[in-house]
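Below is one structure; the comments refer to it alone.
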Amino acid sequence: MNIQYKIFSKGCLDVIPLLIPVVPFGIIFGVIGIESGLGSTVTFLMSIIIFAGSSQLAFAQLFTGGATTSVIVSSVAIVNSRHFLYSAVIAQYLTKVKLFWKIILSYFLTDQAFIVSQKYFKQQPKNKDRHYHLLGSGFTLWFVWQLSTIAGIVLGEVIPKELNLAFAVPLTFISLIIVDIKKIDHLIVAITSGIFAIIFFNLPLRTYIIVAAAAGILVAYGLSHTKLYRK
Amino acid sequence: MIWTTLILAGLVTFFTRFSMIALLKKNHFGPRIRVVLSYVPSAVFPAIIFPAVFLNSTGQLVFLDNPKVLAAFIAVLIGYLTESVIATILSGLAALWLLIFFI
């Protein structure tokens with residue numbers, strides 16, 4: 001067993017705890033894709049072509065509402081704008097890999113893969129094969145996402161709507177920040193962002209996500225001053 | 001029409017992921033930017049969490065008579081105590097089902 005394969009396997013294993021919410025999320029997307037009238041082919045291929053859950057849900061909802069191409073595409077861009085920041089964080093660890101790797105790993109850069117692989121990269125400052133970790137976490141997530149989407153498409157008409165499985169979406173995001181927000185500075189940033197999202201929820205094109213994130217980042221910028229110079 | 005939309009949405013999503021990886025040659029980030037970037041999840045995810053918990057299907061703010069608020073509170077509490085992704089999500093879903101079906 002060579003070292004690359006070991007790192008790849010570690011990536012696969014590290015992401016597993018974060019997959020539990022991905023399964024219901026994928027199923028929900030499959031169900032909603034069918035209910036929105038996208039059809040099984042488009043619903044299935046959307047999970048491969050876009051491969052970003054919350055934006056896929058936004059796509060389906062906007063499509064049912066009769067939104068135009070430009071509205072749907074810009075909404076997807078807004079919901080996924082957080083990837084710019086993931087991309088910037090991951091970039092510092094991928095300066096030495098080939099363009100082909102950069103393209104493949106970019107495609108796999110999801111919330112969950114980012115969280116586990118960034119942690120691994122931080123612990124491995126000198127390991128030149130560390131990018132295999134992101135390939136492992138990203139591919140595992142991709143595979144489970146496709147299977148869950150198919151399950152959602154198939155089960156679509158059987159799962160009762162009363163179960164409110166869509167509630168797994170905010171719960172997933174809560175679980176992803178719960179350790180961070182134990183720190184008071186992170187909690188302040190989170191509450192600022194949440195309140196801005198509520199206040200600006202009715203802005204067109206779902207731009208409230210950008211407004212709220214910007215408010216949170218601004219507060220974080222202010223707090224970073226105290227964090228850096230306190231010592 | 002739907003295919004054009006889907007492919008454009010896919011390209012845009014890929015671009016958000018590839019952009020900085022393609023552009024940044026070296027690590028240009030100073031300590032301050034890195035500290036700010038570490039706040040990104042806390043700054044972005046609540047923008048998805050809060051509306052999904054506090055707003056109803058028509059975008060109205062509902063605190064009382066909203067089982068999602070209590071269920072989310074229980075999920076946060078369990079998550080705080082266990083630091084477990086699975087426990088957080090399952091407790092929130094279980095709480096919601098209990099509130100909807102039995103209370």
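Worth a mention:
- Residue match in the stretch A:155-178 (condition: over 25 Å from A:F25 (Cβ atoms) and either hydrophobic (A, V, I, L, M, F, W, C) or buried (at least 20 other Cβ atoms within 10 Å of the Cβ) (or both)): no
- Filter pass, A:L62 being part of a helix (DSSP H, G or I) and more than 13 Å from the chain's Cα centre (by Cα): yes
- Here the stretch A:177-191 is the region considered, the condition is being closer than 15 Å to A:D111 by Cβ and either part of a helix (DSSP H, G or I) or more than 7 Å from every other protein chain (Cβ to nearest Cβ) (or both), and the residue that is nearest to the chain's Cα centre (by Cα) is A:I177.
- Residue list for the stretch A:27-51, filter: at pLDDT below 90 and under 20 Å from A:N164 (Cβ atoms): A:I27, A:I28, A:F29, A:V31, A:I32, A:G33, A:I34, A:E35, A:S36
- Within the stretch A:101-140, the set of residues being among the hydrophobic types (A, V, I, L, M, F, W, C), out of contact with any Ser or Thr (no Cβ under 6 Å at 6 or more places or on another chain) and surrounded by 21 or more Cβ atoms within 10 Å (Cβ to Cβ) comprises A:L105, A:F108, A:L109, A:F114.
- Residue match in the stretch A:204-225 (condition: in contact with a Ser or Thr (Cβ under 6 Å, 6 or more places away or on another chain), more than 12 Å from chain B (Cβ to nearest Cβ) and either farther than 25 Å from A:Q56 by Cα or of a type in the set (A, V, I, L, M, F, W, C) (or both)): yes
- Cβ-Cβ contacts under 7 Å between residues 6 or more apart (or on different chains), taken from a first residue in the stretch A:202-225 that is without any contact (Cβ under 8 Å) to a residue 40 or more places away in the chain and surrounded by fewer than 21 Cβ atoms within 10 Å (Cβ to Cβ) to a second residue that is among the hydrophobic types (A, V, I, L, M, F, W, C) and assigned to a loop (DSSP other than H, G, I, E, B), are listed as A:V211/A:F200; A:V211/A:L203.
- Pair list, Cβ under 7 Å, 6 or more apart: the stretch A:1-24 residue without any contact (Cβ under 8 Å) to a residue 40 or more places away in the chain, other residue of a type outside the set (D, E) and in a helix (DSSP H, G or I): A:P17/B:V85; A:P17/B:I86; A:I20/B:V85; A:I20/B:I86; A:I20/B:I89
- Residue check, A:I153 under 20 Å from the mean Cα position of the chain (by Cα), of a type in the set (A, V, I, L, M), more than 7 Å from chain B (Cβ to nearest Cβ) and farther than 18 Å from A:V89 by Cα: no
- B:T4 vs. criteria under 30 Å from A:I49 (Cβ atoms) and surrounded by fewer than 22 Cβ atoms within 10 Å (Cβ to Cβ): yes
- Scanning the stretch B:50-103 for residues that are more than 7 Å from chain A (Cβ to nearest Cβ) and closer than 22 Å to A:V15 by Cα yields B:I78, B:L81, B:T82, B:S84, B:A87, B:L90, B:S91.
- The requirement of being closer than 28 Å to A:P204 by Cβ and modelled with pLDDT of 80 or more is fulfilled nowhere in the stretch A:6-16; no residue meets it.
- Residue check for A:K102: among the basic types (K, R) and out of contact with any helix residue (DSSP H, G or I) (no Cβ under 6 Å at 6 or more places or on another chain): no
- Qualifying residue in the stretch A:81-91 (condition: at pLDDT below 85, within 25 Å of A:L171 (Cβ to Cβ), in a loop (DSSP other than H, G, I, E, B) and facing another protein chain (nearest Cβ under 7 Å)): yes
Yes/no matrix, rows are residues, columns are (1) within 14 Å of the chain's Cα centre (by Cα); (2) under 19 Å from B:R17 (Cα atoms); (3) not assigned by TED's automatic domain parsing to the domain that holds A:P125:
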site: A:S40; (1), (2), (3): no, no, no
site: A:I50; (1), (2), (3): yes, yes, no
site: A:R82; (1), (2), (3): yes, yes, no
site: A:A91; (1), (2), (3): no, yes, no
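- Note on the stretch B:46-103: residues that are under 20 Å from A:L19 (Cα atoms) and either aliphatic (A, V, I, L, M) or surrounded by fewer than 18 Cβ atoms within 10 Å (Cβ to Cβ) (or both) total 17.
- Some residue of the stretch A:40-54 being over 22 Å from B:M1 (Cβ atoms), facing chain B (nearest Cβ under 10 Å), touching a helix residue (DSSP H, G or I) at 6+ places or on another chain (Cβ under 8 Å) and free of Cβ contacts under 8 Å to residues at least 24 places away in the same chain: no
- Where B:A47 falls short, out of the listed (1) at the interface with another protein chain (Cβ under 7 Å from one of its Cβ atoms); (2) at pLDDT below 85: (2)
The values are calculated or read from the model by the stated rules, or taken from the named source; none is laboratory data. In this text the structure is predicted, and so the values were computed from the model without any measurement. Glycine also receives a Cβ, built like all others from the backbone with ideal geometry; neighbour counts cover every protein chain displayed.
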